[in-house]
Structure formats: C-alpha cells, structure tokens
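**Q** I'd like to ask some things about the structure below.
The values are calculated or read from the model by the stated rules, or taken from the named source; none is laboratory data. For clarity, every value in this text was computed on a predicted model and none was experimentally measured. Don't worry about glycine lacking a Cβ; one is built from the backbone with ideal geometry, like all the others, and counts go over all protein chains shown.
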Amino acid sequence: MIERRIAREWAVQALCAFEFNRPGYIEPALQSFWGFLLDIERTALNEIERGVYRRKIKPTPLLTLEDEASLEKVAKMKEFAERRVKGVLGEIKQIDAALTPCLNNWSLYRLGAVERNVMRLGAWEMKHVAADAPAAVIINEAVDITKFFSTATSGRFVNAVLDHLRRNLEEEGIIIPDGK
C-alpha cells in the first residue's frame, strides 16, 4: 500500500531528525516534526503553482488536504509512522545490539543516518509486526526507502544486513519463516 510506504518514509525521516536532535519528550518532538513536514509540503506546492519548483520528484499533497477522507487517511498514516518511531526509540539499544552482529566488520555508527535508521525500523518491524507484513515485505520496503533517500549500493547493503537479521530471528524463534 502506498500509504504505508509513505508512512514508513515519514518514520525514517523522523528517526533521522531525532538522531541528530534527541528529543526530551517524544510527543512535542513529533508535533514539531509534523509541522516541519507540512511547511515543506506547502512550500513545494507554492513553488509548483508559481512554476519555480526545480526538484526531480514532485510532492504528493497529503498534509495540506483538508477534506474529511484525506484527514482520516493522513491520521492513520501518522499513527502508523508514530507507532514505529516510538517503538524504535523505545528499543533502540536492543535493536542496535541485534543489528551489530549482522554488519560483518562494520560499526553501526560508521553507516549513514539513513541506512542506520532504515535498518532499525526494519528490525523493529520484523520483531513486532511480522504478522501484518512478512519479513520479505519489510526488507523490500527498507531497501526501496534506502534507495530513495540514499543510493542503490546502500540498498544492497541494507538488504544483506536485514536478511541476516531475519535469519537470526528465525533461528531464535522470534519470527516465523515467510510462507510457513
């Protein structure tokens, strides 16, 4: 679903922002984050209207829509993203500890913020929402989001690390292998 994909992108953006500016309290930080995204969307739409928008990808207006159906859809997307952000931040030490052995001679902190936070999100999702989305889907989404925000090479790296983590979680009985 495109809504879940966008919500995952929002979650990664929030995780990256919060990594550089650790919030004291998550709720006000999330409200500030949503306001920031809304400002970006409004600015981009204004630039498009004036014919001065120069970026490759045009934004899909979501946060600026005000009809009831759109407000409901965006509220669900925000809820989806916020659950993941709060989940990752609440278990970040355990997630990092689970990812570290999967990095093969890399340190988690040598990675880019996008790759690190995409993998954290993927790890959290595999552990907590695998019933809604199989590990293969979670990994595929993580790879696509990494490619969108970073590079194709980074996408391959994220795929390898999360697949290694998936195998570890299956061996530990934390997740059930896909298709079984």
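**Q** Counting only residues that are hydroxyl-bearing (Ser, Thr, Tyr) and touching a Leu at 6+ places or on another chain (Cβ under 7 Å), how many does the range 59-69 have? First the steps, then the outcome.
**A** Pass one, the range 59-69, residues hydroxyl-bearing (Ser, Thr, Tyr): 60, 64.
After this cut, where a residue has to be touching a Leu at 6+ places or on another chain (Cβ under 7 Å) as well, the list is 64.
Number satisfying all stated conditions: 1.
**Q** Residues being loosely packed, with under 13 Cβ neighbours inside 10 Å and acidic (Asp, Glu): count how many of those fall in the range 28-44.
**A** 1
**Q** Please find, within the range 144-173, the residue that is modelled with the lowest pLDDT out of those that are farther than 18 Å from Leu121 by Cβ and part of a helix (DSSP H, G or I).
**A** Within the range 144-173, the match that is modelled with the lowest pLDDT is Ala152.
**Q** Looking at (1) surrounded by 13 or more Cβ atoms within 10 Å (Cβ to Cβ); (2) not in a helix (DSSP H, G or I), find the lone condition where Lys56 falls short.
**A** (1) is the only condition that Lys56 fails.
**Q** Report whether or not Val85 is assigned by TED's automatic domain parsing to the domain that holds Leu38, in contact with a helix residue (DSSP H, G or I) (Cβ under 6 Å, 6 or more places away or on another chain), of a type in the set (A, V, I, L, M, F, W, C) and touching a residue at least 12 places away in the same chain (Cβ under 8 Å).
**A** On the way: assigned by TED's automatic domain parsing to the domain that holds Leu38: yes; in contact with a helix residue (DSSP H, G or I) (Cβ under 6 Å, 6 or more places away or on another chain): yes; of a type in the set (A, V, I, L, M, F, W, C): yes; touching a residue at least 12 places away in the same chain (Cβ under 8 Å): yes.
So Val85 fits the description; yes.
**Q** With Leu63, Leu38, Leu71 as the choices, which residue is outside any helix (DSSP H, G or I) and outside the structural domain of Thr151 (by TED's automatic domain parsing)?
**A** On the way: Leu38 fails: outside any helix (DSSP H, G or I); Leu71 fails: outside any helix (DSSP H, G or I).
Answer to the check: Leu63.
**Q** Would you please name the residue that is surrounded by the most Cβ atoms within 10 Å (Cβ to Cβ), looking only at residues in the range 6-24 that are under 18 Å from Glu91 (Cβ atoms) and not aliphatic (A, V, I, L, M)?
**A** Here is the first cut: in the range 6-24, the ones under 18 Å from Glu91 (Cβ atoms) are 8, 11-12, 14-16, 18-19, 22-23.
In the following step, the residues that additionally are not aliphatic (A, V, I, L, M) were identified as 8, 16, 18-19, 22-23.
Details: Arg8: 23, Cys16: 17, Phe18: 19, Glu19: 14, Arg22: 8, Pro23: 15.
Selected residue: Arg8.
**Q** I'd like to know if the range 103-114 contains one or more residues that are surrounded by 22 or more Cβ atoms within 10 Å (Cβ to Cβ) and closer than 20 Å to Trp10 by Cα. Full working, then the answer.
**A** At the first step, the residues of the range 103-114 found to be surrounded by 22 or more Cβ atoms within 10 Å (Cβ to Cβ) are none.
The answer is no, given that none of the residues of the range 103-114 is surrounded by 22 or more Cβ atoms within 10 Å (Cβ to Cβ) and closer than 20 Å to Trp10 by Cα.
**Q** Which residues, counting only those in the range 140-158, are of a type outside the set (D, E, K, R) and out of contact with any helix residue (DSSP H, G or I) (no Cβ under 6 Å at 6 or more places or on another chain)?
**A** If the condition is that a residue be of a type outside the set (D, E, K, R) and out of contact with any helix residue (DSSP H, G or I) (no Cβ under 6 Å at 6 or more places or on another chain), then Asn140, Phe148, Thr151, Ala152, Thr153, Phe157 are the ones that fit.
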